[in-house]
Amino acid sequence: ETGVTQTPRHLVMGMTNKKSLKCEQHLGHNAMYWYKQSAKKPLELMFVYNFKEQTENNSVPSRFSPECPNSSHLFLHLHTLQPEDSALYLCASSPLGPGYNEQFFGPGTRLTVL
Amino acid sequence: AQTVTQSQPEMSVQEAETVTLSCTYDTSESDYYLFWYKQPPSRQMILVIRQEAYKQQNATENRFSVNFQKAAKSFSLKISDSQLGDAAMYFCAYRASNDYKLSFGAGTTVTVRA
């Protein structure tokens, strides 16, 4: 247990559905991240939030919509997804400032788009 | 953008033996951090070991140690006395000291034979 939780752990949705992924961290970190993990590929950074402000959007399609209401919570809203969006979605958090600032990861949400 | 390369998609090791995972990276920065993360099957990704570029001494954490070759931009992980619980996917990651984003390799799956 790393102090970062994600819900749901598994999600199956159709291409016309709307769903949301939730991430919560209890570590007092100020940065939160969404990653996409596909088989045999490096983790793809999707979004970064620092102090609730989005600071990175790595050309992610608009069918993925992040929301960060406070430094402890991060959401990823999904709508009209494609089958190729099926993957493990990981949330992470880290402190900011000097030092190692390693990221702590949640268990992920396994998403299947039918 | 920095690239991290893990050239071994899979490695197999006999229990109690030693295995070394390779990682190379490309950067023009002089100060940065390197990490090895472990992702067991269906479990959270956790940090195994970390190294700061300006520290010449190789980091060690119990049975895990690294061989950091800054000039060669190489950062290998050695797992000694392998245990069944070491079976996982291992990711090498890089972060510049003036940044908060991680760049990951594609991962190496380690199988431990009893």
The alpha-carbon center of the range A:30-97 and that of the range B:1-45 are separated, in whole Å, by 22
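With all pairs of different alpha carbon atoms counted, what Kirkwood hydrodynamic radius in Å does the protein assembly as shown show?
Details: mean 1/r = 0.0550 Å⁻¹.
Over the protein assembly as shown, the inverse of the mean reciprocal pair distance is 18.2 Å.
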Excluding residues fewer than 8 positions from A:Lys40 in its own chain, the aspartates and glutamates with Cα under 13 Å of it are B:Glu10
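Tell me, in nm to one decimal, what length is gained between B:Asn98 and B:Asn62 on full extension, where the rule is 0.36 nm per residue of separation less the Cα-Cα distance?
Values: separation 36, 0.36 × 36 = 12.96 nm, distance 2.92 nm.
Answer, rounded to one decimal: 10.0 nm.
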The pairs in A:Lys22/B:Lys73; A:Lys41/B:Lys73; B:Lys55/B:Lys101 lying past 26 Å Cα-Cα in this model are A:Lys22/B:Lys73
Amide H contacts under 5 Å for A:Met15, restricted to residues at least 5 apart in sequence or on another chain and with H modeled in the peptide plane, are A:Leu114
Distance in nm between B:Asp81 and A:His10 label points, each 7 Å along Cα→Cβ, equals 3.7
A:Lys41 and A:Ser62 label points (each 7 Å along its Cα→Cβ direction) are spaced in nm at 2.2
With +1 on the Cβ of every Lys and Arg and -1 on the Cβ of every Asp and Glu, the dipole magnitude of the protein assembly as shown about its Cα centre, in debye rounded to the nearest 20, is 380
Residue by residue through the range A:64-74, the couplings from Karplus 6.51 cos²θ - 1.76 cosθ + 1.60 with θ = phi - 60°, in Hz, x for Gly and Pro, are 9, 10, x, 8, 10, x, 7, 5, 9, 10, 9
Mean-square fluctuation maximum in Gaussian network of chain B, Cα pairs under 10 Å, restricted to B:Arg43, B:Arg95, B:Arg63, hits B:Arg43
HN-Hα couplings for the range B:20-37 via Karplus (6.51, -1.76, 1.60; θ = phi - 60°), in whole Hz with x for Gly/Pro, come out as 10, 9, 9, 8, 10, 9, 10, 7, 9, 7, 9, 10, 6, 10, 10, 9, 10, 10
Karplus ³J(HN,Hα) for the range A:43-54 (6.51 cos²θ - 1.76 cosθ + 1.60, θ = phi - 60°; Hz, whole; x = Gly/Pro) runs 4, 9, 6, 9, 9, 9, 10, 10, 6, 6, 9, 6
The lysines whose Cα lies under 19 Å from the Cα of A:Lys18, excluding any fewer than 8 residues away in the same chain, are A:Lys36
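Each reported figure results from applying straightforward, stated rules to the coordinates on display, with no laboratory input. This structure is a prediction, so every number in the text was calculated from the model and none was measured. All Cβ positions, even for glycine, are placed from backbone atoms using ideal geometry, and neighbour counts span all protein chains on display.
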